[in-house]
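Visitor: Before I ask anything, here is the structure I am working with.
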2 protein chains.
Amino acid sequence: MLEQLHFNENGLIPAIAQQHDTGEVLMLAWMNRESIEETINTKQVCYYSRSRQKLWRKGETSNQTQTLIELRYDCDGDTILLLVDQTGAACHTGERTCFYRAWDAAGE
Amino acid sequence: MLEQLHFNENGLIPAIAQQHDTGEVLMLAWMNRESIEETINTKQVCYYSRSRQKLWRKGETSNQTQTLIELRYDCDGDTILLLVDQTGAACHTGERTCFYRAWDAAGE
């Protein structure tokens, strides 16, 4: 599978996390080859933090872990879709999903 | 809203398209400021094609358009979530969603 993935010039690929049963889109983060392998092996989602430049084991400090249910990838192999079981909140703000803001014509 | 978005070094931001009623994640593509404005104004989703380096009006040639239902954005303003009504297939392969392949332990 890893051979079918296309990483960008920084060795990264975007990954969408979706709650497997409700369909909520929780967040988008980035993975490198090592974080994908760890995610598959441990069934706990691990990203690559671009700001910290190291593996980011989701929930390691917050306990808001994501258990991997299924890993899917798109037609051209440059995006991953993680179906997960999210413990608590996905977002560091405490919101369930990072996409808690909607564009509002009046507020633009 | 546009002022709250963070575009990358190429002036782009990733956008996830999700079927608004079923929750299916359809695809991920990229938008620039102009494509976001056009999407909001026309209610028809317009991306930016990185390969063709121009606006990509989804369905312009295929008629597989995406009507915008709601535009959401994440906590740090660097990803967009488009809730859409997809006509036909989102994927150029004819599949409903681009994420039609799953990682299979046996097939790796």
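Visitor: Restricting attention to the stretch B:66-108, and to residues there that are β-branched (Val, Ile, Thr) and more than 12 Å from the chain's Cα centre (by Cα), which single residue is farthest from residue B:1 (Cα to Cα)?
Guide: B:93
Visitor: Sticking with this one: Among the residues of the stretch A:88-103, which ones are assigned to a loop (DSSP other than H, G, I, E, B) and not small (Gly, Ala, Ser)?
Guide: A:91, A:92, A:93, A:95, A:96, A:97, A:98, A:99, A:100, A:103
Visitor: Moving to a separate point now. I'm told residue B:29 meets every condition in (1) under 18 Å from residue A:103 (Cβ atoms); (2) in contact (Cβ under 8 Å) with a residue 40 or more places away in the chain; (3) in a strand (DSSP E or B); (4) open to solvent by less than 60 Å² (accessible area, probe 1.4 Å) except one. Can you identify the failing condition by its number?
Guide: So residue B:29 meets the others, but not (2).
Visitor: Applying the selection to the stretch A:39-62, what residues are hydrophobic (A, V, I, L, M, F, W, C) and open to solvent by 10 Å² or more (accessible area, probe 1.4 Å)?
Guide: Selection gives A:40, A:55, A:56.
Visitor: Output the number of the condition that residue A:36 fails; it satisfies all remaining conditions of (1) part of a loop (DSSP other than H, G, I, E, B); (2) surrounded by 13 or more Cβ atoms within 10 Å (Cβ to Cβ).
Guide: Here residue A:36 meets the rest and fails (1).
Visitor: Taking the stretch A:43-57 only, how many residues are in contact (Cβ under 8 Å) with a residue 24 or more places away in the chain and among the charged types (D, E, K, R)?
Guide: Residues meeting the conditions: 2.
Visitor: Related question: Do we have residue B:46 as under 14 Å from the mean Cα position of the chain (by Cα), more than 20 Å from residue B:5 (Cα to Cα) and not basic (Lys, Arg) here?
Guide: no
Visitor: Go through B:61, B:79, B:65 for me and flag whichever is more than 10 Å from chain A (Cβ to nearest Cβ) and within 28 Å of residue A:20 (Cα to Cα).
Guide: Within the list B:61, B:79, B:65, the selection yields B:65.
Visitor: Since residue B:85 meets every condition but one in (1) in contact with a helix residue (DSSP H, G or I) (Cβ under 7 Å, 6 or more places away or on another chain); (2) in a strand (DSSP E or B), which condition does it not meet?
Guide: Condition (1) is where residue B:85 drops out.
Visitor: Filter the stretch B:63-100 for residues that are free of Cβ contacts under 8 Å to residues at least 12 places away in the same chain and farther than 17 Å from residue B:33 by Cα; which is surrounded by the most Cβ atoms within 10 Å (Cβ to Cβ)?
Guide: Of everything passing the filter in the stretch B:63-100, B:75 is surrounded by the most Cβ atoms within 10 Å (Cβ to Cβ).
Visitor: Please work out which one of (1) within 26 Å of residue B:20 (Cα to Cα); (2) over 13 Å from the mean Cα position of the chain (by Cα); (3) of a type in the set (Ser, Thr, Tyr) is the condition residue A:51 fails and give its number.
Guide: (1)
Visitor: Give me a count of the residues in the stretch A:9-26 that are buried (at least 19 other Cβ atoms within 10 Å of the Cβ), more than 10 Å from chain B (Cβ to nearest Cβ) and over 25 Å from residue B:8 (Cβ atoms).
Guide: 0
The values are calculated or read from the model by the stated rules, or taken from the named source; none is laboratory data. In this text the structure is predicted, and so the values were computed from the model without any measurement. With ideal geometry, Cβ positions are generated from the backbone for all residues, glycine too; neighbour counts draw on all protein chains shown. What goes into the accessible areas is simple: the full protein's heavy atoms, side chains included, and nothing from ligands, DNA or RNA. Shrake-Rupley method; radii C 1.70, N 1.55, O 1.52, S 1.80 Å.
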